[in-house]
1. Taking the stretch 54-66 only, how many residues are surrounded by 12 or more Cβ atoms within 10 Å (Cβ to Cβ) and either at pLDDT below 95 or touching a strand residue (DSSP E or B) at 6+ places or on another chain (Cβ under 6 Å) (or both)?
2. So, in the stretch 163-181, exactly how many residues are open to solvent by 50 Å² or more (accessible area, probe 1.4 Å) and assigned to a loop (DSSP other than H, G, I, E, B)?
3. Identify the single condition in (1) open to solvent by 80 Å² or more (accessible area, probe 1.4 Å); (2) touching a Cys at 6+ places or on another chain (Cβ under 6 Å) that ALA149 does not satisfy, given that it satisfies every other one.
4. Residues of the stretch 42-66 being within 14 Å of LEU95 (Cα to Cα) and not in a strand (DSSP E or B), which ones?
5. Could you figure out which of (1) under 17 Å from the mean Cα position of the chain (by Cα); (2) in contact (Cβ under 8 Å) with a residue 60 or more places away in the chain; (3) surrounded by 14 or more Cβ atoms within 10 Å (Cβ to Cβ) isn't true of GLU45?
6. Six or more apart or on different chains, Cβ atoms under 6 Å: show the pairs whose first residue is in the stretch 15-31 and in contact (Cβ under 8 Å) with a residue 40 or more places away in the chain and whose second is open to solvent by less than 60 Å² (accessible area, probe 1.4 Å) and among the small types (Gly, Ala, Ser).
7. For SER141, which of the numbered conditions (1) open to solvent by 20 Å² or more (accessible area, probe 1.4 Å); (2) more than 30 Å from LEU110 (Cβ to Cβ); (3) of a type in the set (S, T, N, Q) fails to hold?
8. If TRP184 passes every condition in (1) open to solvent by 30 Å² or more (accessible area, probe 1.4 Å); (2) more than 28 Å from PRO121 (Cβ to Cβ); (3) among the hydrophobic types (A, V, I, L, M, F, W, C) but one, which one does it miss?
Amino acid sequence: MARPAAAYEAAVPPRPACAYTGCYCEENVWKLCEYIRSRDQHPLEEFYAVFISNDSRTIPLWKQKSGHGDQPVVWDYHVVLLHVSRGEQNFIYDLDTVLPFPCPFEVYSLEAFRSDDSLHPQFHRKIRMIRADLYLKTFASDRSHMKDANGKWQKPPPSYPCIETADSKMNLDDFISMNPEVGWGSVFSLPDFVHRFGRQNDYSYSLEGQ
């Protein structure tokens, strides 16, 4: 029997206290990873940045704050944080959902992912998951994807400086891409991802170096 969520100790502050900028989910998750690293309360290697997208960049998600009723929001991509817990279940941290924060993986899967079975193939979801420590080292964004043709912001950017590395100022597309030959991490179909992390199986497969 799954351990109740109340027994789980959240790795980050309550949702209102987290660094958050609407429509910049990739940076919101980067900030969550940064917080976890700074506190050294949970092993950073238990956490993964999870990019949800597909080749057509049309992925429906339910239970999003910007949704209406039981209708999904269709994003080009979305990013959440996965905690592969040492307990009996895993947890998803999504700052844009109306579901609990953090949310037990099974609940998030049933309520937010639902199933690809009833969806047209262009809406089938894929997952790229990147270890949190690797995400902190490699991700970079100059936020140019949020500017229109005239250089104006489509949505206000975060107040802190752009995230960059010694090698890059902008590599967001490498994370959104679901081509396993591109970028960092491991790429899964949604059913495979849910099967692997939806219950505590034998995690004998390795994501080392991913």
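The values are calculated or read from the model by the stated rules, or taken from the named source; none is laboratory data. Here the structure is a predicted model, which is why all the values come from computation and not from measurement. Cβ: placed from backbone, ideal geometry, glycine included. Neighbour counts: every protein chain shown. These accessible areas exclude ligands, DNA and RNA; they are computed on the full protein's heavy atoms, side chains included. Shrake-Rupley method; radii C 1.70, N 1.55, O 1.52, S 1.80 Å.
1. Final tally of qualifying residues: 7.
2. Going through the stretch 163-181 one residue at a time, the tally reaches 8.
3. Failing condition for ALA149: (2).
4. TRP62, LYS63, LYS65, SER66
5. (3)
6. Sorted first by the residue in the stretch 15-31, then by its partner, the pairs are VAL29/ALA49.
7. (1)
8. Tallying (1) open to solvent by 30 Å² or more (accessible area, probe 1.4 Å); (2) more than 28 Å from PRO121 (Cβ to Cβ); (3) among the hydrophobic types (A, V, I, L, M, F, W, C), TRP184 fails exactly one: (2).
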